[in-house]
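Worksheet: the structure to be examined is printed underneath.
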Amino acid sequence: MGRVKITYGARFGQRELATTTVIGRHWSCDIILHHEDVPLRWVEVRWMRGKWGWRALSREGDTIGPSAWLRPGWRALSTTARENSLRLREIATIELTDASGPQPYAVDLQSGRIVVRQPLHELLAGAGIQSWRSASGSAVADGSVLVVEGKPWRLHLPARAAVTDEEVPSLVHTDTLLKLDVGELEGAIELGGMRIDLSREMTRILIPYAEALTNEYQFEDAWLTRDEAHARWLELGGNPESPPQRLGWMRGKVKSYLARHGLADVDGLFESQRVGQWYGTRLGLSPDQVVLT
């Protein structure tokens, strides 16, 4: 699960990240830093598009950190060198030490102790809860406070995932495999024994980005412009009456389809950002997760 190392003054420690984590001095923050020079609400760290992003909640010039845009208003945070830490002048530092996605956990509001997986299920069983879902229509919502044997616990649930006794499969898991047959226009996503077949149209929209990802020598860091992706899509039999702008709608359709089939973190399938003078899009997978035939 996502984790950060926080250093301020002579203090330091590791803290788990929820889907959205606000860090600052105010009592309502998820992680409270007891230092008079820390802003009431300093930064927000959020899981989105299969990655961690951050934004300053105080004066942005006071915070130094990674500058690559993840989406408008949010910058990317990773565990790679020079992209893993935020610094508030000489006062405090936040370093991302675990870039994996958020997992369900509960924190003891008195001692700060964290419980996950089986201990979490046992805790909830003690409160009479056998299963639960995320904030989208559930018995227990993200951020709920439960009192078990006299102790208050705050529950943190990944915002997109339905949580039960089994982990929800995530599209951005390292075991995800995207298989695409260019000749037959057939495709599927495989993960942990699960297989989701893709329609011909979904396969057609994925192939240009998969080809760029597996041939990075031809495309800079696998980014494709809208016109480049559209040209290849037409070569694969796409409707010539459909303009390049329609590709964004079709990518969204693929993500919605995967979400309906039970995958979490589907926003991580594609990444988009400005590259030079244009906007580029690429697959959010690694080359070894893609099989083209």
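Couple of notes before you dig in:
- Ascending count of other beta-carbon atoms within 10 Å, so fewest first, for 270, 12: 12, 270
- Residue exposure sequence - 147, 115 - by fewest surrounding Cβ within 10 Å: 147, 115
- By other beta-carbon atoms within 10 Å, ranking 250, 202 with the fewest at the front produces 250, 202.
- Global geometry of segment 3-98, whether rounded, prolate or oblate, following the gyration tensor of its Cα atoms and the 1.5 cut on a/c: rounded
- DSSP-assigned coil residues among GluC sites (Glu not before Pro) in segment 51-95, each with at most 12 further Cβ atoms within 10 Å: 90
- Charge dipole of segment 52-120 about the Cα centre (unit charges at C-beta), most positive-ward option of 72, 53, 94: 72
- Cα-based Rg / Dmax (Å) for segment 177-292: 13.4, 42
- Summarising the amide proton neighbourhood of residue 38: residues at separation of 5 or more, or on other chains, whose placed amide H is nearer than 5 Å comprise an empty set.
- Spatial separation of Cα centroids for segment 35-74 and segment 76-94, in angstrom: 10
- For segment 3-98, the antiparallel share of DSSP beta bridges with both residues in that region comes to about 95%.
- Alpha-carbon centroids, segment 232-258 and segment 11-33: separation in whole Å: 41
- Relative contact order, percent, the chain [alpha-carbon distance under 8 Å, six or more residues apart]: 15
- Stretch in the chain that is longest and holds no trypsin sites (Lys or Arg not before Pro) that DSSP places in a loop and that have at most 14 other beta carbons within 10 Å: 114-293
Only the coordinates and a few stated rules stand behind these numbers; no lab work does. The shown structure was predicted, so the numbers you read here are calculated from the model rather than taken from an experiment. FYI the Cβ positions are ideal-geometry reconstructions off the backbone, even for glycines, and counts take in every protein chain you see.
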